[in-house]
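Any read-out appearing in this document is the output of simple, stated calculations on the displayed coordinates, not a laboratory observation. Keep in mind that what you see is a predicted model, and the values were worked out from it rather than measured. Cβ: placed from backbone, ideal geometry, glycine included. Neighbour counts: every protein chain shown.
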Amino acid sequence: MATSVQPEKILKDLGGLWVDLGKQEENGVLRACAMTFIVTVDESQDAFSVGETIAAIMHDHPSRAIVVRVSQSEEPSLDARVLAQCWMPFGRNQQICCEQIEISSSLGSLRDVPGVIRGLIVPDLPVVLYCRNIHLSQTPQFQALLPLAGKLVIDSGIDGLEPLRYLASLPREGCHKADLTWCRLTRWRESIAQVFESPANLQAAASLNEIQIFYSGEVAAYYLAAWFKHVLRAEAKLIRATSPSFASIARVELRGPGFEAVLEMVSESSEETRVGTVRQRVVFPEMRECDLLREELSVMSRDPIFESVLGLANSIREKT
Amino acid sequence: MPAENPFQDPLRFQRRVPPCAIVIFGASGDLTKRKLIPALYRLAYDRRIPPGFAVIGNSRTPMTDDQFRAKMREALNEFADNTPIDEGLWADFSKSLSYYAGDLNDPECFNLLGKKLEEIELTRKTEGNVLFYVSTQPSHYEAAINGIGRAKLAQGSGWRRIVVEKPFGHDLETARSLNNKLHEVFTETQVYRIDHYLGKETVQNVLAFRFGNGIFEPLWNRRYINHVQITAAESIGVEGRGSYYQEAGALRDMIQNHLLQVMSTVAMEPPAVFESDLVRDERAKVLRSIRRIKPEEVPMFSVAGQYGPANIGNKDVPGFRQEEGVSKDSQTDTYSAVTVFIDNWRWADVPFYIRSGKRLPKRVTDIAIQFNAAPHSPFTRDGDEPARPNLLILRIQPEEGISLRFLSKDPGEGMHLRPVSMDFNYGTSFGSRSPSAYETLLVDAMVGDATLYTRQDMVEASWSAVQPILDYRATHPAGFPNYPAGTWGPKTSEDMLARRGHVWRTP
């Protein structure tokens, strides 16, 4: 097993890959790249699905994807290979291709990985670091990668409360932070915001005196409660629920003088909003990992609302 | 009460639509089933329709609410591209649809509409906001406007707006008359004249490309740009719309509205901020700067064509005059090309060649910016072809994107140059779904953003630009047909460019 991987060699392999692709295709191929997208994954996790996710998001966010697969062995082992993610857009005669570099490392060789990645970052384009495994991202070797990243994405939906604590503990300065659980709540937040598009309801927003969130997942509930606090400076009551939920939220009830709004999942993919006598049903389509990343990668600037909510959510977690 | 919704998150949320009712005149027509209802359903699917929402359809055809809903459901099955039909959502959305039959010339039709709107405001909580959408035949536009005015429906407890479909007039005089009629009932800020080309993602992207980047705008003027070609080609014929098309023609149907608007997007000055009136002011300035063609200059500055029969791919296709509903001696232009000059500092003497036609070899719409050639090429020897100038192609459809053609050294010995292309593929090319032009424009009208709609002065300026050509053609019959179906138009079109040493590129 090779224990040394040189960025120059990987870049040369990439160059060779493009030449081969160009020869195979009569019309050549179109290389697309808008960022460096680094994904760290524990080999014991569903490593195959990472490839599928990357292939799906490439269509919207073409990138040089660097997938770091870490095995639990302490035996030094480091290897790399390059491949291309290509697809033929409908009605066209030229394939679009993105680069993917897969680095396989044992725990024992993890310290060598940041040095390799540094040499593989596409110059002048954003760098996004997606840590699929929170424990890996807390290792000193990966902490060394943080200054290179413009954005750090985690998914507390996979690892529970620990990622929330970790994300909140990172300094406010530096890279932008993101949690896919926050993306999962976008549909809920849009529906809630829609209620207050009506001027009559907007008037009631300031005097809401009862906000109840029925949830099945803690982090989502903390985030949603924190959002209400950010928007209205109001406390929400969190209630465990077993009814159908989307993004771990089953129902939201908002009450104030002469005002009541209930937003509730009525099936696995349908949410119903009831404000007085007005009812509206909307579809909450299933959100796969690639859908969440698609949304998150579209937000490359600071997200002041999430930054504020993150701190507040962590405070709620500490008090709970 | 807070002025704005504090729950909004512009970074992540799509623009929200306020509660409102949409009244569609001409609801039994093609546009409603092909475009409007599929667009509204898609907006509902994307959670962009508010709970307080209703659609009232009107036309002369008698139908119950349920029959109208069933018809719209059929339309969705046929025309809702890339949108899953969710039964639960449809059940909810269809409750917002209602219909009543009525003749627009009958005042009772609007009295009834007034009552319906009052009722819907209470039951559907639409808060008095109403968007009237006139998608009838043009001959009924005035009746719809008069009816709304007489019944005093242009004002109410909420906002009232009116969307008017194309064609907006048949010439300058009728466009002015229609504008006057509209202004008897509505103020200009209430009027949304739709030009669905402006709603296309890729046309909007022209603005992003020009004004979001620093490197192109310094080159975007007469000093570096040699000429501009705008092409909107269709491979199909009139497809059963012969009688309608016979009254319109390519100049009226495409160039006067869509392509002059596209040209104004290419040629406009940067607005200080991206706000409706400022963007439209800049577009209007371009349209007002178009050089008026003198009657005697018309044959030099424009070409009319009409396709004749041909065999394409071993299939006989009829000529325009053989199409159903078309007169055997029709003088309608199924192809039009014009040379436009914009008389301002940026564009003086730069020709904008605009062409549009039916039964051309392929369906394509693009804008080609041809830059001046390098002043001197050290690589060209005697007998070599002259260096090919740089070309920037803004592709509107079907392969949305941007290409830049430049010269590069051929690998190997010697300095042999060849053109290569640097491509950027936009939106659908990367697999994501772009909203349809009607989704974009309907949301704009509901939220009160008129940026992508045309204004009275823009419409009149574009009619003024083509009026001399229309007048000339009315008195000078052409020798039609003058191009076989499946070709790039009449030879005189090539001649028009050749006079300035240019050639049409093949898109």
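Numerical summary
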{"quantity": "FRET efficiency for residue B:189 and residue B:406, using Cβ-Cβ distance with R0 set to 51 Å, rounded to 0.05", "calculated": "0.65"}
{"quantity": "Computed label-point distance, nm, for sites residue B:422 and residue A:81 using a 7 Å Cα→Cβ extension", "calculated": "3.4"}
{"quantity": "Under the Karplus curve 6.51 cos²θ - 1.76 cosθ + 1.60, θ = phi - 60°, whole-Hz ³J(HN,Hα) for the stretch B:449-466, x wherever Gly or Pro sits", "calculated": "9, 9, 3, 9, 10, 8, 9, 3, 5, 5, 5, 5, 5, 6, 5, 4, 5, 9"}
{"quantity": "Sites residue A:286 and residue B:239 - FRET efficiency at Förster radius 60 Å, r taken between beta-carbons, to 0.05", "calculated": "0.95"}
{"quantity": "Charge tally in the Cβ shell below 10 Å around residue B:141, where Lys, Arg are +1 and Asp, Glu are -1, residue B:141 excluded", "calculated": "-1"}
{"quantity": "Distance (nanometres) between label positions extended 7 Å along Cα→Cβ at residue B:506 and residue B:115", "calculated": "6.5"}
{"quantity": "Shielding by partners - mean other protein chain Cβ count within 10 Å, residues of A:270-282", "calculated": "5"}
{"quantity": "Counting DSSP beta bridges with both ends in the protein assembly as shown, the antiparallel % (nearest 5)", "calculated": "55"}
{"quantity": "Virtual spin-label span in nm between residue A:266 and residue A:235, 7 Å along Cα→Cβ", "calculated": "3.3"}
{"quantity": "24 Å Cα-Cα threshold exceeded, pairs from A:151/A:237; B:95/B:166; B:71/B:362; B:315/B:362", "calculated": "A:151/A:237; B:95/B:166; B:71/B:362"}
{"quantity": "Projected area averaged over orientations for the protein assembly as shown, convex hull of C-alpha atoms, nm²", "calculated": "39.5"}
{"quantity": "Residues with amide H under 5 Å from that of residue B:225, placed H, sequence gap 5 or more", "calculated": "B:372"}
{"quantity": "Spin-label zone in the stretch A:226-267 - amide nitrogen under 12 Å from a point set 7 Å from the Cα of residue B:91 along the C-beta vector", "calculated": "A:266-267"}
{"quantity": "Local electrostatic count at residue B:477 - Lys and Arg +1, Asp and Glu -1, tallied over other residues with Cβ under 12 Å", "calculated": "-1"}
{"quantity": "Set of lysines near residue A:12 by C-alpha distance (under 19 Å), chain-local residues within fewer than 8 positions excluded", "calculated": "A:23"}
{"quantity": "Unpartnered cysteines - no second Cys beta carbon under 4.7 Å - across the protein assembly as shown", "calculated": "A:33, A:98, A:131, A:175, A:183, A:290, B:20, B:109"}
{"quantity": "Paramagnetic reach from residue A:255 (point 7 Å along Cα→Cβ, amide N under 18 Å) across the stretch A:175-206", "calculated": "A:204-206"}
{"quantity": "Rounded if a/c under 1.5, otherwise prolate or oblate - the stretch B:149-306, Cα gyration tensor axes", "calculated": "oblate"}
{"quantity": "Nonlocal amide H pairs with residue A:68, under 5 Å, H built at 1.01 Å", "calculated": "A:39, A:40, A:41, A:103"}
{"quantity": "Helix-derived mean residue ellipticity, 222 nm - over chain A, DSSP H n ≥ 4, -39500 (n - 2.57), to 500", "calculated": "-10500 deg cm²/dmol"}
{"quantity": "In Hz, Karplus ³J(HN,Hα) per residue of the stretch B:402-408 (6.51, -1.76, 1.60; θ = phi - 60°; x = Gly, Pro)", "calculated": "9, 10, 10, 9, 9, 9, 9"}
{"quantity": "Radius ratio Rg over Rh of chain A, counting only Cα atoms, Kirkwood formula for Rh", "calculated": "1.04"}
{"quantity": "Phi-based couplings in Hz for the stretch B:321-327 (Karplus 6.51, -1.76, 1.60; Gly and Pro marked x)", "calculated": "5, 9, 6, 5, x, 10, 5"}
{"quantity": "In range of the label at residue A:43: residues from the stretch A:132-165 whose backbone nitrogen is under 20 Å from the point 7 Å along Cα→Cβ", "calculated": "A:132-142"}
{"quantity": "Shape of the stretch B:1-145, Cα gyration tensor, a/c cut at 1.5", "calculated": "oblate"}
{"quantity": "MRE, 222 nm, helices only [DSSP H, n ≥ 4, -39500 (n - 2.57), over chain B, to nearest 500]", "calculated": "-9500 deg cm²/dmol"}
{"quantity": "For residue B:22, residues with placed amide H under 5 Å, excluding near neighbours", "calculated": "B:54, B:55, B:56, B:131"}
